[in-house]
1. Of all accessible surface on segment 99-159 at a 1.4 Å probe, what whole percent is carbon and sulfur?
2. Across segment 236-376, how large is the tail of the calculated P(r) beyond 19 Å, expressed as a percent of all Cα pairs?
3. For segment 241-292, what is the Kirkwood estimate of the hydrodynamic radius, computed as the reciprocal of the mean inverse distance between distinct Cα atoms, to one decimal in Å?
4. Highest mean first, how do 299-311, 211-223 rank when packing is the count of other Cβ atoms within 10 Å averaged over residues?
5. Give me the distance in nm between label points sitting 7 Å out from Cα along the Cα-to-Cβ direction at residue 126 and residue 7, one decimal.
6. On a 29 Å Cα-Cα criterion, which of the cross-link pairs 67/103; 3/304; 79/150; 79/158; 18/231 come out too long?
7. Distance in nm between label sites at residue 256 and residue 107, each 7 Å beyond Cα in the beta-carbon direction?
8. Alpha carbon centre of segment 334-353 versus segment 103-128: separation in Å?
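The values are calculated or read from the model by the stated rules, or taken from the named source; none is laboratory data. Please read all numbers here as calculations on a predicted model, not as lab measurements. Every residue, glycine among them, receives a Cβ derived from its backbone with ideal geometry; neighbour counts consider all protein chains shown. Calculation scope for accessible area: heavy atoms of the full protein, side chains included, ligands and nucleic acids excluded. Shrake-Rupley method; radii C 1.70, N 1.55, O 1.52, S 1.80 Å.
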Amino acid sequence: MLKKIITWYVMLNKRLIKRWSFVLIILIAPLLAVSVNIMTGSDKGIITILLYNEDETCEVSSDIIDKIMNSDSIINYEKTDSADEGYNCVKSGGADALWIFGKDIEDSIAQAARENEVIPQVKIVERENTLALLVARERLYSSLYPYYNKEIYHYYVKNLIESGDKLTDEELQRIYDDEEIEGNIFERMYSEGGKIEEDTDYLLVPIRGMFAVWLVLCGLISCMYYINDRKNGIFDRTGTRHVLFMESGYHLVMIIIATIIMSAGIALAGIGTSWTNELLCMAVFVFTVTGYCCLVRRLFGNMKILGMVIPIIVILMFGLSPIFIGYREYMYFRFLQPVYLYITSVHSVSALIEMTVYGVVLYALSFVLDKTHLFTKF
C-alpha cells in the first residue's frame, strides 16, 4: 500500500510539472518574495511626509526634525529645501503631506505653556485627510509634547512654587533630566503570552498571510485539476469507497509543494517563531486547507463555477484576515476561510485548537455530502 501511495505521489508530481498553470501559480511565490525584498530595500513607509524647517538655527525645531527622521516608523520622512518645493511635491502626489516648522516655535511653545492655551506650532499641508495621516499627526504631537511639557514644568516651578524663582534654568533642567524615564513603560505581549519582538521588520510581517493565501489558492487550483482528471477517467479504476481519502491525497500533492516553498519563505524572511511551533501550526493548516478544498470542490463541482468562485475566495481571504491590518470584527468571519485561524494560531493555542476543530468539521461536511450525493456525484 505504501509503495502504491508513493508511486501515485510521484506520478501526480510529474503531471503537475507539465501543466503551465501549475508552473505559473508556483512562480507567484518567488514574485512575492522579490516584491517584499524590493520594498524592504527601498524607502520604507506607507506614506511620505516632507519636513521643512524655516529656521535652521532653532535648536528645538532642528532637534524635533532629527528625532523624527531617525525614528523607526512606518512613515517615510524626508527633508525639503523650501516650502514651495514641498507644496509642489504634495500637489503633484510626490508626497502625502508637508510639515512646516515655524521660525518662532521655541517662543510659541513657551507662550502656550505660560498661558495654558493651544497655539499652532507646525503648519500641515495635505491633499486629503486619511487614516494614515491621522496616525502621522499623532506622531507629530508626541514629538512636540516633551518640549511643551518641559516649559510647563519651568513655568510652574518658577512662578507657582514658593522660592522656585531662586533656581536657575540650569538647575531646573538638571532636576528635570534626572527624573527622565529610561526605556519603554509599556510591554507588548500576545493575549496568550509571549513578548512581541520590537526589532521585527514591519514590512515583512504581511508575508506570512500573503503566503497563506497563496497556499490556499494552490489547493483551490488543485480542485480544478481534480475535476478535470476525474472527467477524463483518470480515477475510474480507484472506485468511490475511499473517494474523500483519495481526493485529499490528490490535493496534498500540490499543497505539500506549496508548503515547502512557504516555509522556506517564512524562514528566509526571519518572521518565524520556534521551529516546533511553526511545524505544528503548518501541519494543522495543511490539514485544514486540504479539508477546505475538499468541501469547496463538492459545493462548486463545476469547472466554470469554481473558476468564478476562486477569485471571490481569494478576495475574502485578503479582506477578512489580519494580513496587513487587523480588526476585531474579523473574528466573526474566521470560519469562512482558514487563513485567519492560521495567522492567529501562530501566537494563540486556542486559535490552533479552533483551526484543528475547523478542519475536522470540513472533512465531516465533505463526508456527509458524499454520502447524501448532494451538489456533485464525485
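1. 51 percent
2. Tail fraction, whole percent: 56.
3. On the way: mean 1/r = 0.0838 Å⁻¹.
Result for segment 241-292, one decimal place: 11.9 Å.
4. 211-223, 299-311
5. 6.7 nm
6. Values: 67/103 18 Å; 3/304 36 Å; 79/150 26 Å; 79/158 37 Å; 18/231 19 Å.
The pairs that break the limit, which is 29 Å between Cα atoms, are 3/304; 79/158.
7. Result: 7.7 nm between the two label points.
8. 47 Å
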